[in-house]
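Contents: one structure, followed by commentary.
The values are calculated or read from the model by the stated rules, or taken from the named source; none is laboratory data. Being a predicted model, the structure only gives us computed values, none of them experimental. Glycine also receives a Cβ, built like all others from the backbone with ideal geometry; neighbour counts cover every protein chain displayed. Just so you know, the surface numbers come from the protein's heavy atoms only, side chains and all, with ligands and any DNA or RNA stripped out. Shrake-Rupley method; radii C 1.70, N 1.55, O 1.52, S 1.80 Å.
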Amino acid sequence: MTLLAVGSVALDSVETPHGVVYEVLGGSATYFSYAASFFTHVRLVGVVGQDFPPEHRELLETRDIDLEGLEMVDGKTFRWRGSYEGAMNAAKTLEVQLNVFGEFEPNVPERFRDSKFVFLANASPRLQKLVLEQVDKPELVVCDTMNFYIEKERDALIELLELVDGLVINDAEAVQLTGKHNFVAAGQEILGLGPKFVVIKKGEHGSMLMNGGQVFCIPAFPLHTVVDPTGAGDSFAGGTMGYLAAEGRFDPETLRRALVFGTVLASFNVEGFSLTKFEAIGRPEIEERFEQFVEMMRF
Ligand code: AMP
């Protein structure tokens, strides 16, 4: 099934206890698309400035990612700078430069408009909605959001939530969005805003799916060393949506399996800076870790 993603394509500068990187390839749509491309063909909608290094585009071109919707316009590429400390469960944002991403008026290529699966990765809810409006009859629409937009564009976000089937959100953001500190209560509150399912991500503590009165909880894949958590949430969503799109369905059982693949993809992503770990793996490593995860959960 065709999968379309919109979100940021960024130059990230990141500091973790394991090192520092400057202006490496990042962005919500980048991590999402790369992770999903292990499973299926991805159509990417995004924007970069004239300063976007050609090698980054070339890297994405090596994947099963259609870049016709990645526009290059006058101006500078979106930049994010952040750091992580201690258990590295939350990023501290040090600087956000929206640049060309701030004014982006997407024009979804004609060829992309029949996409059946749509993921609205972290971006302004205004932009997420503009893209959604240009897709003809999607079967599954899932979105992500983050503290930045919950704070600055809450009304647009609430409007968007009425239009989506699923929301993927991290724990702190679920609290920020709903005012509820209990995740079950927060999840229920979110379901009342429109989505049919919600996935609350809890970093190293795994994730929780709530849908139709059911709850499904899975741990994160236990890792000895986390190098850089940047993009974990987007990789999780990419693995999940990529698997769903490849299967062409999203019944509750398939969704549960997809979330395990999402967890596996996130676990690989955090083992290196930027996309370095993804570049070093393929489907066999993903399947192997999936089996390890299933074995770990068996009792
Ligand atoms: P996460 O999966 O939550 O770790 O997402 C990390 C990615 O989000 C980084 O690569 C950033 O470039 C990107 N990002 C940070 N802030 C924003 C923002 N305000 N809008 C869109 N993407 C962002």
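Extension gain for Asp114-Asp74 works out to 11.5 nm (0.36 nm per residue, less the C-alpha to C-alpha distance).
Once the Cβ-Cβ distance between Glu162 and Met297 is put in as r, and R0 is 51 Å, what FRET efficiency do you end up with, to the nearest 0.05? All intermediate terms of the calculation are to be shown ahead of the outcome.
Numbers: r = 35 Å, r/R0 = 0.68.
Using R0 = 51 Å, I get an efficiency of 0.90.
Per-residue SASA remark: Tyr34, around 10 Å² accessible (1.4 Å probe; ligands, DNA and RNA not included).
To the nearest µm²/s, what D does Stokes-Einstein give for the range 51-207 at 10 °C and 1.306 mPa s, using the Kirkwood radius over alpha carbon pairs as Rh? Provide the component values of the computation, followed by the final result.
Numbers: Rh = 17.2 Å.
So the translational diffusion coefficient is about 92 µm²/s.
Counting only Cβ charges, +1 for Lys and Arg and -1 for Asp and Glu, the dipole size of the range 3-297 around its Cα centre is about 540 debye. These residues, Asp51, Asp144, go from largest to smallest accessible area, 1.4 Å probe, as Asp51, Asp144. Residue-wise HN-Hα couplings along the range 134-146, as the Karplus relation 6.51 cos²θ - 1.76 cosθ + 1.60 with θ = phi - 60° gives them from phi, are 9, 9, 5, 9, x, 8, 9, 10, 10, 10, 10, 8, 8 Hz; Gly and Pro carry x.
On a full-extension model of 0.36 nm per residue, what is the gain between Glu133 and Thr276, subtracting their alpha-carbon distance, rounded to one decimal in nm?
Details: separation 143, 0.36 × 143 = 51.48 nm, distance 3.42 nm.
Length gained between Glu133 and Thr276: 48.1 nm.
Derived scalar couplings between HN and Hα for the range 195-208 equal x, 7, 9, 9, 10, 9, 8, 10, x, 5, 8, x, 8, 9 Hz in order, rounded to whole Hz, by the Karplus curve 6.51 cos²θ - 1.76 cosθ + 1.60 (θ = phi - 60°), x for Gly and Pro. Estimated at the nearest 10 Å², the accessible area of Ile158 is 50 Å² with a 1.4 Å probe.
Going by accessible surface with a 1.4 Å probe and the largest first, His56, His41, His181 read His181, His41, His56.
Each label was represented as a point 7 Å from its Cα along the Cα-to-Cβ direction; for Arg257 and Glu285 these points are 2.4 nm apart. Between the amide H of Leu167 and those of Cys143, Phe197, Val198, Val199, distances stay under 5 Å, these residues lying 5 or more places away or on another chain, with hydrogens modeled in the peptide plane. For Cys217, the accessible area of its heavy atoms, probed at 1.4 Å with every protein chain present, is near 80 square angstrom.
Since only His224, Leu209, Val131 are under comparison, the one whose Cα sits farthest along the positive direction of the charge dipole of the chain, derived from C-beta charges on Lys, Arg, Asp and Glu, is Leu209.
Amide H contacts under 5 Å for Asp51: Thr77, restricted to partners 5 or more places along the chain or on a different chain, H placed in the peptide plane at 1.01 Å from N. Please build a GNM for the chain, connecting alpha carbons under 10 Å apart, and tell me which residue among Gly231, Gly272, Gly282 fluctuates the most. Comparing Gly231, Gly272, Gly282 in the GNM, the peak value goes to Gly282.
Once Rh is set to the Kirkwood radius over Cα pairs, what Stokes-Einstein translational diffusion coefficient, in µm²/s, holds for the range 3-297 at a temperature of 4 °C and a viscosity of 1.567 mPa s? Write down the numbers at each step before the final one.
Values: Rh = 18.7 Å.
Rounded to a whole number, D works out at 69 µm²/s.
Residues Lys196, Lys277, ordered by accessible area of protein heavy atoms at a 1.4 angstrom probe radius and largest first, appear as Lys196, Lys277. Each residue of the range 76-85 is assigned a 3J(HN,Hα), and the resulting list reads 9, 5, 3, 10, 10, 10, x, 9, 10, 10 Hz, derived from the Karplus form 6.51 cos²θ - 1.76 cosθ + 1.60 (θ = phi - 60°), x at Gly and Pro. Each of Met297, Gly282, Asn170 was placed along the dipole of the chain (beta-carbon charges, centred on the mean Cα), and the one lying farthest toward the positive end is Met297.
By the Stokes-Einstein formula, at 0.890 mPa s and 25 °C, the range 113-203 with its Kirkwood radius over alpha-carbon pairs has D equal to 188 µm²/s. Between Asn107 and Ala87, what is the FRET efficiency for a Förster distance of 45 Å, r being their Cβ-Cβ separation, to the nearest 0.05? For Asn107 and Ala87, the calculated efficiency is 0.60. Database remark: amide H of Gly69 closer than 5 angstrom to the amide H of Leu44 (H placed geometrically; neighbours at sequence offset of 5 or more, or on other chains; Pro and chain starts carry no H). Of Val24, Val42, Val260, which is the most mobile in a GNM of the chain whose springs link Cα atoms less than 10 angstrom apart? The residue with the greatest mean-square fluctuation here is Val24. With 25 Å as the limit, the listed pairs Lys76/Lys116; Lys116/Lys277; Lys116/Lys152; Lys92/Lys152; Lys152/Lys201 have Lys76/Lys116; Lys116/Lys277; Lys116/Lys152 beyond it between alpha carbons.
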